[in-house]
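Working notes for the structure below.
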Ligand SMILES: CC(C)(COP(=O)(O)OP(=O)(O)OC[C@H]1O[C@@H](n2cnc3c(N)ncnc32)[C@H](O)[C@@H]1OP(=O)(O)O)[C@@H](O)C(=O)NCCC(=O)NCCS
């Protein structure tokens, strides 16, 4: 998928987050029940639509790898390509091998469209294992359908 093939609704713009976006980012992440830790605004990109924060996503940096995380689109703006546009942008912006964790087959299919493939926990880079280890535990003990993916 190429960014040039993608577009945003005319009332929306993609930009880097600023410190004033922090509460809106926290709210988006909280309402989507995603990992509420490591939400440094400096790592985020956001999509603003009609002056409101409609989507966010970040690149968390680890030693020699990055994680695409905290991808959320506000309910009112879902299904209009915002996540697709932002995900492709984050992929284009990443400077290190890119990984993510997601829940369920629908998201696995979503990320597969961008070239992500599922990887086992044992094949993850060491820098990610402490963070993704908790999810692996939940997967093993509670059968939470977590999938790790690599770009
Ligand atoms: C997943 C999500 C980011 C998609 O945002 P969006 O702007 O509506 O997505 P787009 O319009 O760019 O693309 C639509 C695709 O998103 C995926 N998608 C949409 N809603 C979804 C949902 N509830 N669960 C999983 N995937 C979903 C599907 O692949 C869909 O394509 P399809 O309709 O052909 O199945 C959005 O539903 C969301 O914020 N969900 C809650 C947070 C979340 O699960 N984030 C992912 C963390 S890994």
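What follows is calculated from the coordinates using simple rules that are stated; it is not laboratory data. Predicted model only: the values in this text are computed from it and were never measured. As a convention, Cβ positions derive from the backbone with ideal geometry for all residues, glycine included, and neighbour counts pool all protein chains shown.
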request  = Measure nothing but the geometry: give the 0 to 90° angle between the long axis through the Cα atoms of 129-142 and the longest principal axis through the Cα atoms of the chain, rounded to 10°.
outcome  = 70 degrees
key: Rg/Rh ratio calculated on Cα atoms of the chain (Kirkwood radius)   = 0.95
remark   = Per GNM of the chain with C-alpha springs under 10 angstrom, the most fluctuating residue out of 57, 104, 81 is 104
query = Can you give the calculated 222 nm mean residue ellipticity of the chain, where each DSSP H run of n ≥ 4 adds -39,500 (n - 2.57) and the sum is split over every residue, rounded to the nearest 500 deg cm²/dmol?
reply = -9000 deg cm²/dmol
inquiry  = Please compute the contact order of region 1-124 in relative form: average sequence separation of alpha-carbon pairs under 8 Å and at least six residues apart, divided by the residue count, as a percent.
reply    = 23 percent
query = Where is the GNM fluctuation largest for the chain (alpha-carbon springs, 10 angstrom cutoff): 20, 95, 84?
reply = 20
ask   = If you rank 48, 11, 101 by fewest surrounding Cβ atoms within 10 Å, what's the result?
value = 11, 48, 101
query = So which residue, out of 32, 138, 74, gets the largest mean-square fluctuation from a GNM of the chain using Cα contacts under 10 Å as springs?
reply = 138
note = Rounded to the nearest 10 degrees, the helix 22-31 long axis (Cα) sits at an angle to the longest Cα principal axis of the chain of 60 degrees
task = Would you list the P(r) distribution for region 109-151, with all Cα-Cα distances sorted into 5 Å bins from 0 and each bin expressed as a whole %?
result = 6, 22, 28, 23, 17, 4, 0
request  = Could you let me know the centre-to-centre spacing of region 1-49 and region 78-132, using Cα atoms, in angstrom?
outcome  = 16 Å
ask   = Radius of gyration and Dmax for region 1-63's Cα atoms, expressed in Å?
value = 12.5, 38
request  = Calculate the spin-label point distance for residue 123 paired with residue 34, positioning each point 7 Å from the Cα along the beta-carbon direction, and give it in nanometres.
outcome  = 2.4 nm
